[in-house]
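Colleague: Can you read through this structure? Questions will come right after.
The values are calculated or read from the model by the stated rules, or taken from the named source; none is laboratory data. Not measured: the values here are computed from a predicted model. In this analysis, Cβ positions are derived from the backbone assuming ideal geometry, glycine residues included, and neighbour counts consider all displayed protein chains. Areas reflect the complete protein model, heavy atoms only, side chains present, ligands, DNA and RNA absent. Shrake-Rupley method; radii C 1.70, N 1.55, O 1.52, S 1.80 Å.
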Amino acid sequence: MRHSKPDVVIVGAGIAGGALGTALARAGFEVVLLERENSYPDRVRGEFMAPWGVTELAKLELLQPLREAGALFTRRNIPYDEIFAPAEAEARAFDLTKMHVEGFGALCLGHPATCEIFAQLATISGASVLRGTGAISVTSGSRPIVSCVHDGASLEFRPRLVIGADGRNSSARKNLGFKVNADEPRNLLGGMLVKGVPSWPRDMQVIGVEDRFHFLVFPQGDDLLRLYGSYHFADKSRFDGPDRRAKLIDAFGRLTCLPYAEAIAASTPIGPFNSFSNEDHWIDDPTCPGVVLIGDAAGHNDPIIGQGLSIALRDVRLVSKILGEAKAAGREPDFRPYVEERAERMRRLRITAQVVTTLRVEFGQEARERRARVGKRVAAGQLAPLPASLIGPERLPAEAFLPETIEKLLAS
Ligand SMILES: Cc1cc2nc3c(=O)[nH]c(=O)nc-3n(C[C@H](O)[C@H](O)[C@H](O)COP(=O)(O)OP(=O)(O)OC[C@H]3O[C@@H](n4cnc5c(N)ncnc54)[C@H](O)[C@@H]3O)c2cc1C
């Protein structure tokens, strides 16, 4: 068995792990990243980064590499909906460039590509990235232990700190026995990458509702689109079976409120159509002696509002700042500011996701009337938690998340 004692071992070199590995290696830490995959598959994850996540990227000095790799910026969000004609939806477009100081809009880039870029940046910055690592086991303590198998050899690390960044099914988290809180599953969300839609404007994203289908479309490079659809468990069979990819394209092709529906109907799937139940998961304190969890491993927001990438990057910025400051001062890091900020951030985003679910994944006449009413109220400036998912949850007053605010927003 080979032993080593780096400063930090990061389990999982995805969005959170790769970004943190880069930030820490740049700051002079000796970092080892342990990644299960040899190359990143399309597992259907986030490919839209909210404007507040783009701000986090810029603060971490990670924005430019993604731009150079061909990331697109969507500048307008069109809320196509069965409750109004396409021209009216277009008149209600949100200008995403106004949501943050950088003014880029939201960022769209494939999840496997982003993970690959971050892993390469971590390597260039001086971290060791061990891909194809298996059988990872973590033991907490003032000098935590990580053991794993890599290239057929058993390895053991005794770093100063272990970071669990191995995603929503984190084995580091299970290993250490963290208690995870979860809401009841609300609905299903599936996604798929398609090619062959060159007519889709590259600066436009769409989030809409028609019939019993909440649909989202984010452009990717060339003529690619990432399609997501959310639907009730009762409608699962409509999207199941060996021809489920064709079924998803057919659901988009039938949308009468979405211009480009025909163009999507003629597109070709180039990845899996995976679907997941939608709910929030959270941990009261994602730290234990010698270990800190970040990203989805620390608990994930309901993906219906597409916050996971931004959440992961905020975690990276806070944790790297705490470590950098402790190193400069020659003292032990205190992760309480991260734990407290994250708890409140996730609470606010949980409330936001619940309101969005009520608005966009409840269907029928009553739901249509509610969407129309709430749309008018928000346009008139009524306080609502909804902007949290674009500008960041901390930029709204605490009142935006109170039950009475939400009651007033949704009231008939
Ligand atoms: C259907 C769906 C749609 C989504 N849409 C959006 C969106 O539009 N916008 C958005 O911001 N977020 C979205 N998300 C959420 C977003 O993808 C995640 O929050 C984000 O990827 C979290 O980053 P992470 O680094 O924590 O986890 P991941 O990106 O999942 O990375 C985890 C890494 O750990 C590795 N790993 C896992 N287990 C092990 C192990 N045992 N040992 C070593 N390595 C391991 C994995 O291979 C992976 O590289 C979506 C999620 C889903 C499910």
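Colleague: Where is the GNM fluctuation largest for the chain (alpha-carbon springs, 10 angstrom cutoff): A113, A398, A50?
Modeller: Top of the fluctuation ranking is A398.
Colleague: Scan segment 158-206 for trypsin sites (Lys or Arg not before Pro) in coil per DSSP, keeping those whose Cβ has at most 10 other Cβ atoms within 10 Å, and list them by number.
Modeller: K179
Colleague: Taking θ = phi - 60°, what integer Hz values does the Karplus form 6.51 cos²θ - 1.76 cosθ + 1.60 yield along segment 207-219, in sequence order, with x for Gly and Pro?
Modeller: Computed from phi, the couplings for segment 207-219 are 9, x, 9, 8, 6, 10, 9, 9, 10, 9, 9, 10, x Hz.
Colleague: Using θ = phi - 60° and the Karplus relation 6.51 cos²θ - 1.76 cosθ + 1.60, list the HN-Hα couplings for segment 357-371 in order, rounded to whole Hz, with x at every Gly or Pro.
Modeller: Running phi through 6.51 cos²θ - 1.76 cosθ + 1.60 with θ = phi - 60° gives 4, 4, 6, 10, 10, 10, 10, x, 4, 4, 5, 5, 5, 5, 4 Hz.
Colleague: Trypsin sites (Lys or Arg not before Pro) within segment 306-412: which are DSSP loop residues with at most 15 other Cβ atoms inside 10 Å?
Modeller: When the trypsin sites (Lys or Arg not before Pro) of segment 306-412 are filtered for loop state and at most 15 Cβ neighbours within 10 Å, R331 remain.
Colleague: Let me ask you something else. Connecting C-alpha atoms closer than 10 Å in a GNM of the chain, tell me which of P159, P242, P387 has the biggest fluctuation.
Modeller: Between P159, P242, P387, it is P242 that shows the largest mean-square fluctuation.
Colleague: Under a GNM of the chain (C-alpha, springs under 10 Å), which listed residue has the highest mean-square fluctuation: G375, G167, G295?
Modeller: The residue with the greatest mean-square fluctuation here is G375.
Colleague: Also: Using a basic spin-label model with each label point 7 Å from the Cα along Cα→Cβ, how many nm lie between S237 and E344?
Modeller: Going from the S237 label point to the E344 one covers 4.9 nm.
Colleague: Whole Å is fine, so just give me how far the alpha carbon centre of segment 12-84 lies from that of segment 113-131.
Modeller: 12
Colleague: Something else now. Using a simple spin-label model with points 7 Å from Cα along the Cα→Cβ vector, what separation in nm is obtained for R143 and D250?
Modeller: 6.3
Colleague: Taking a probe of 1.4 Å, how large is the accessible area per residue of the chain, in Å²?
Modeller: Normalised by residue count, the accessible surface of the chain is 41 Å².
Colleague: Can you pull the percent of the chain's accessible area that's carbon plus sulfur, 1.4 Å probe, other chains left in place?
Modeller: It is 51 percent, rounded to a whole number.
Colleague: Another question, then. Let me check the size of segment 350-410 from its C-alpha atoms; what are the radius of gyration and Dmax in Å?
Modeller: Spelled out, the Cα radius of gyration and Dmax of segment 350-410 are 11.2, 34 Å.
Colleague: Tell me what the chain gives for mean residue ellipticity at 222 nm when only DSSP H runs of n ≥ 4 count, each as -39,500 (n - 2.57), the sum divided by the residue total, rounded to 500 deg cm²/dmol.
Modeller: After summing the helix terms and dividing by residue count, I get -10500 deg cm²/dmol.
Colleague: Between K179 and E61, how high is the FRET efficiency from 1/(1 + (r/R0)^6) when r is the Cβ-Cβ distance and R₀ = 51 Å? Nearest 0.05.
Modeller: 0.90
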